[in-house]
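Read the structure below first, then the notes.
The values are calculated or read from the model by the stated rules, or taken from the named source; none is laboratory data. What you are looking at is a predicted structure, and each value in this text was computed from that prediction instead of being measured. No Cβ is skipped: glycine too gets one built from the backbone with ideal geometry, and neighbour counts run over all protein chains shown. These accessible areas exclude ligands, DNA and RNA; they are computed on the full protein's heavy atoms, side chains included. Shrake-Rupley method; radii C 1.70, N 1.55, O 1.52, S 1.80 Å.
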Amino acid sequence: MKTLLIDMDSVICDLMTEWHRRYNRDYDDNLSIQDLKCWDSENYVKKECGNKIYDYLDEPELFIKLDPLPNAIEVLRRLHENYEILIVTSSRTYAYTEKEKWIEKHLPFIGKRNLIFTHRKEMVRGDILFDDAPHNLIAFKKTGRTAIAMDYPYNQDVKVDRVSSWLEFEGWLEAYEKGDQ
Ligand SMILES: [Mg+2]
């Protein structure tokens, strides 16, 4: 049975919408994920915010409230029948416990025992990494394994296969198994 390594933020759960909502509220701006042409969010916020954009990621009650991305839960439920699934995510401060709770709430069939916190996803044993962060995709691909991107403006330069939804990912995986990818 193959092992899928699945990222959490902006792959399973919608971090950006709530993150940007809080920033836009506080700085009277109109930032959205479509504006982020590279990974470093501080380049796209108002000067008076700058690196403080990352302080929102330390706010309690942020991660626990995130919504799943469309079809993420149902597709993971189906994939769980045929794959070993590990959730791999990096984290700051409060997010550790909140992410555990989130997985227990939305993905109890995977459960927190299959949640791995790491900043070095390429060091985790697994066959395929589904992620959105350029540095993770590149590092994983360098190990000779398959990385696939959730498509966003900020990861366009990464040379891996990409999908823009969970249903597309499921289709990609089917084709991959048949040797079409
Ligand atoms: Mg992510």
Task: Condition broken by TYR56, with the remaining ones in (1) without any contact (Cβ under 8 Å) to a residue 60 or more places away in the chain; (2) open to solvent by 20 Å² or more (accessible area, probe 1.4 Å) satisfied - done: (2)
TODO: Would you check which residues across segment 118-145 are within 24 Å of HIS80 (Cβ to Cβ), open to solvent by 20 Å² or more (accessible area, probe 1.4 Å) and within 13 Å of the ligand (Cβ to nearest atom) and list them?
DONE: THR118
Open item on the list: Regarding segment 152-166, can at least one residue be identified that is under 20 Å from LEU76 (Cα atoms), at pLDDT 95 or above, touching a Ser or Thr at 6+ places or on another chain (Cβ under 6 Å) and open to solvent by 20 Å² or more (accessible area, probe 1.4 Å)?
Closed with: no
Open item on the list: Among the numbered criteria (1) farther than 21 Å from ASN71 by Cα; (2) open to solvent by less than 20 Å² (accessible area, probe 1.4 Å), which one does ILE148 miss?
Closed with: (1)
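This table checks each residue for (1) modelled with pLDDT under 95; (2) under 24 Å from ASP151 (Cα atoms); (3) among the hydrophobic types (A, V, I, L, M, F, W, C).
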site: VAL45; (1), (2), (3): yes, yes, yes
site: THR93; (1), (2), (3): yes, no, no
site: THR97; (1), (2), (3): yes, no, no
site: LEU137; (1), (2), (3): no, yes, yes
- [ ] Sort out for me the strands (runs of 3 or more DSSP E) sitting completely within segment 93-181 that have 2 or more residues that are of a type in the set (Gly, Ala, Ser).
- [x] 146-150
Task: Among the candidates TYR96, TYR56, residue that is under 20 Å from VAL11 (Cβ atoms), within 16 Å of the ligand (Cβ to nearest atom), touching a Leu at 6+ places or on another chain (Cβ under 9 Å) and not acidic (Asp, Glu) - done: TYR56
TODO: Pick out the one residue from GLU104, GLU81 that is more than 16 Å from the ligand (Cβ to nearest atom), touching a Gly at 6+ places or on another chain (Cβ under 7 Å) and either over 24 Å from ASP151 (Cα atoms) or open to solvent by 40 Å² or more (accessible area, probe 1.4 Å) (or both).
DONE: GLU104
Open item on the list: Can you confirm whether LEU62 is at pLDDT below 95, in contact with a helix residue (DSSP H, G or I) (Cβ under 8 Å, 6 or more places away or on another chain) and either open to solvent by less than 20 Å² (accessible area, probe 1.4 Å) or of a type in the set (D, E, K, R) (or both)?
Closed with: yes
Task: LYS46 being assigned to a loop (DSSP other than H, G, I, E, B), closer than 30 Å to TRP172 by Cα and outside the structural domain of LEU115 (by TED's automatic domain parsing) - done: no
Task: Cross-chain or 6+ apart pairs with Cβ under 8 Å, segment 15-34 first and within 19 Å of LYS99 (Cα to Cα), then among the polar types (S, T, N, Q) and surrounded by 15 or more Cβ atoms within 10 Å (Cβ to Cβ) - done: MET16/SER10
Task: Residue in segment 75-84 that is assigned to a strand (DSSP E or B) and assigned by TED's automatic domain parsing to the domain that holds GLY111 present - done: yes
